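The values are calculated or read from the model by the stated rules, or taken from the named source; none is laboratory data. As the structure is a computational prediction, the values presented were derived from the model and not from experiment. Here the Cβ positions follow ideal geometry from the backbone for every residue, glycine too, while neighbour counts run over all protein chains shown.
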Amino acid sequence: MEYNISVTPQAERTVAETKSIPFGKVPTEHMFIAEYKDGTWHNPRIVPFHDLSLSPLALCLHYGQTVFEGMKAFVTADGGINIFRMQKHYDRFCKSLDRMCMPLVPKALFDEAMHQLVQLDASWVPDEPEASLYIRPFMIASEGRIGVKVADEYLFMIVASPAYQYYANPLKVKVETEFSRAAEGGTGAAKCGGNYGGAFYPTEKAKREGFDQVLWTDAKNHEFIEESGTMNAMFYMNDTLITPALSGSILDGVTRDSLVTIAKEAGIKVETRQVSLKELTDALEAGQRVEAFGAGTAAVIAPIEQITIAGKTYTCYIGEDAMMFQLKAKLNNIRKGLAPDTHNWNYIVK
Ligand code: COI
């Protein structure tokens with residue numbers, strides 16, 4: 001073991017009763033924390049979940065130097081615990097940290113912290129269909145200083161919470177052509193807090209208008225589909241799985257990548273390219289069968305049943321035989337150890 005992570009277990013363990021927990025509301029009993037100072041990581045430890053003590057001057061509070069990941073652990077068919085796609089999540093975490101001028105976490109520290117925390121809180125991983133343990137590694141700039149600068153001190157933490165379905169029902173979305181989530185050259189491809197905070201206003205506005213989420217378009221001309229809420233946007237039409245190609249304004253979604261890989265292996269035609277609003281509108285106007293869905297770690301696949309484009313509402317296909325559900329089943333089978341893990345996506349904790 002390269003890193004000596006000290007463990008202080010909760011004195012009185014509670015029996016995890018996870019069934020009715022709303023997404024992200026109840027943390028598991030423990031958390032991981034390490035401090036970055038003088039150019040290196042210090043005191044990595046797993047301790048009972050607790051509130052932080054932070055200077056009101058902490059740079060993260062003022063200038064948004066924060067990055068996070070969203071990962072999941074599953075109970076496998078043989079009773080093991082599987083953390084899904086550790087490497088891909090770690091790689092994306094590093095890319096986000098780099099974009100936000102934050103120090104990288106060594107891979108060995110990330111893996112060891114993840115392993116030990118999930119092992120200690122294993123009883124919190126729900127063993128039910130659609131259920132998982134949502135794991136949130138994140139980093140914040142903790143240095144106290146009002147001046148606008150890249151911080152010299154950081155906290156890297158991992159918390160977790162049992163997760164069930166993120167969206168209870170298929171979504172009604174509005175194509176957003178007034179506001180933008182991210183622009184080329186901005187931070188859209190990084191998983192940093194500001195991307196989410198900036199999306200609140202248009203999303204809340206859409207909710208007041210009766211929608212569940214927005215379908216973002218490019219910031220320049222609002223001509224191409226970007227993402228759907230906090231998820232990647234995906235479509236299945238003309239016997240083809242289509243998703244916007246990655247760009248500086250689109251997050252490299254792990255679920256997106258998994259679905260694209262699984263679809264290609266199943267012999268399904270896949271296109272990762274720009275998807276114009278015109279192409280989507282034409283297909284819907286022509287009464288073509290269009291499946292539209294959001295793909296993300298938290299939501300997995302969120303079917304979109306209605307898309308409103310410039311005030312006109314179209315219905316998408318969400319029947320039981322939809323391709324999105326077949327892909328989701330294949331993904332779940334790999335994660336639950338029911339199908340071969342040919343890409344080494346699974347990291348078995350115990
Ligand atoms: C995820 O899907 O993991 C996300 O990060 C979306 C949201 C929960 C912030």
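If residue 304 satisfies all but one of (1) modelled with pLDDT of 95 or more; (2) over 22 Å from residue 176 (Cα atoms), what's the number of the condition it fails?
Among (1) modelled with pLDDT of 95 or more; (2) over 22 Å from residue 176 (Cα atoms), residue 304 violates only (2).
Please enumerate the residues belonging to the range 267-324 that are aromatic (Phe, Trp, Tyr) and within 16 Å of the ligand (Cβ to nearest atom).
Selection gives 293 alone.
What are the residues in the range 328-350 that are of a type in the set (A, V, I, L, M, F, W, C) and farther than 27 Å from residue 291 by Cα, if any?
Correct list: 348, 349.
On the given criteria, is residue 178 at pLDDT 95 or above, surrounded by fewer than 21 Cβ atoms within 10 Å (Cβ to Cβ) and not aliphatic (A, V, I, L, M)?
When the stated conditions are applied, residue 178 passes them.
Sort out which residues of the range 183-217 are part of a loop (DSSP other than H, G, I, E, B) and within 16 Å of the ligand (Cβ to nearest atom), and write them in order of number.
Those that are part of a loop (DSSP other than H, G, I, E, B) and within 16 Å of the ligand (Cβ to nearest atom): 187, 188, 189, 190, 191, 198, 199, 212.
Determine whether residue 307 is under 18 Å from residue 232 (Cα atoms) and in a strand (DSSP E or B).
yes
For the range 156-211, enumerate the residues that are more than 29 Å from residue 39 (Cβ to Cβ) and of a type in the set (Lys, Arg).
172, 174, 181, 205, 207, 208
Just to be sure I understand the filter: pairs with C-beta atoms under 6 Å, separated by 6 or more residues or on different chains, first member in the range 3-30 and without any contact (Cβ under 8 Å) to a residue 40 or more places away in the chain, second member of a type outside the set (Ser, Thr, Tyr) and more than 16 Å from the ligand (Cβ to nearest atom). Which pairs pass?
From residues that are without any contact (Cβ under 8 Å) to a residue 40 or more places away in the chain, the pairs are 10/29; 10/48.
Condition (residue is acidic (Asp, Glu), farther than 19 Å from residue 251 by Cβ and touching a residue at least 40 places away in the same chain (Cβ under 8 Å)) applied to the range 59-70: is it met by at least one residue?
For the range 59-70, residues acidic (Asp, Glu), farther than 19 Å from residue 251 by Cβ and touching a residue at least 40 places away in the same chain (Cβ under 8 Å): absent.
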